[in-house]
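Here the structure is laid out as structure tokens; the discussion comes afterwards.
The values are calculated or read from the model by the stated rules, or taken from the named source; none is laboratory data. Here the structure is a predicted model, which means the values were calculated and not measured. Please note: Cβ atoms are built from the backbone with ideal geometry, for glycine as well, and neighbour counts cover all protein chains shown. Only protein heavy atoms, including side chains, enter the accessible area calculation; ligands, DNA and RNA are left aside. Shrake-Rupley method; radii C 1.70, N 1.55, O 1.52, S 1.80 Å.
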Amino acid sequence: MTDSTPTTTAEDPTAIRIEDFFPQPPAVVWHALTTPELLAQWLMPNDFEPVVGHRFAFRSQPVEATRYSGVTVCEVLELREPELLVISWQDESEGNDMRTTVTFRLEAHDGGTRLSLAQEGFRADHPNDQMARKIMGGGWGGHLFRRLGELLAERADA
């Protein structure tokens, strides 16, 4: 579990920004971000591979209010172990034209890891993007980072 409450910023309508601290070193947090089986435990089932250019998908429940099909198609855009992971993020459905990028930055801090997430590219004047931003911001900053912290703690105890 994390030692601090995730911080979010709501001022920028084009982005979600969250930062949290995990007591595990960056290599351990990186492993949870880039191992498909672990990623599935805290985020979503996937066919991720930590290779720049790899295209993959996350699978979840559809969300009709945001026209989310339940399948997020992504591509690994940048990868610098154990510091940086950048992926594209878009709905598989042509009916949902929101396109964002998700950036995870890991920094060694106080014996653990400061993890920053930025999901950028939401259109400020687009109601669907703004609804999705609100929902995803609550997810990243709420239960997803909490689940990541729980997974890391369980693995440390094992």
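Filter region 41-71 down to the residues that are polar (S, T, N, Q), in contact with a Lys or Arg (Cβ under 8 Å, 6 or more places away or on another chain) and in contact (Cβ under 8 Å) with a residue 24 or more places away in the chain and list them by number. Result: GLN41, single match.
Considering the conditions (1) part of a helix (DSSP H, G or I); (2) open to solvent by 60 Å² or more (accessible area, probe 1.4 Å); (3) in contact with a helix residue (DSSP H, G or I) (Cβ under 8 Å, 6 or more places away or on another chain); (4) not small (Gly, Ala, Ser), GLU154 is excluded by exactly one of them, (3). Tallying residues that are touching a Ser or Thr at 6+ places or on another chain (Cβ under 8 Å) and closer than 21 Å to GLU92 by Cα within region 17-44 yields 1. Residue pairs whose Cβ atoms lie under 9 Å apart, sitting 6 or more positions apart in sequence or on different chains, and linking a residue in region 127-146 that is closer than 19 Å to ASN96 by Cα and β-branched (Val, Ile, Thr) to a partner that is open to solvent by 40 Å² or more (accessible area, probe 1.4 Å) and not in a helix (DSSP H, G or I), are ILE135/VAL63; ILE135/TYR68. Among the residues of region 39-51, the ones that are more than 12 Å from the chain's Cα centre (by Cα) and open to solvent by 10 Å² or more (accessible area, probe 1.4 Å) come to 7 in all. Checked against the criterion of being assigned to a loop (DSSP other than H, G, I, E, B) and touching a Pro at 6+ places or on another chain (Cβ under 8 Å), the candidates GLU49, GLU11, GLU19 yield just one match: GLU49.
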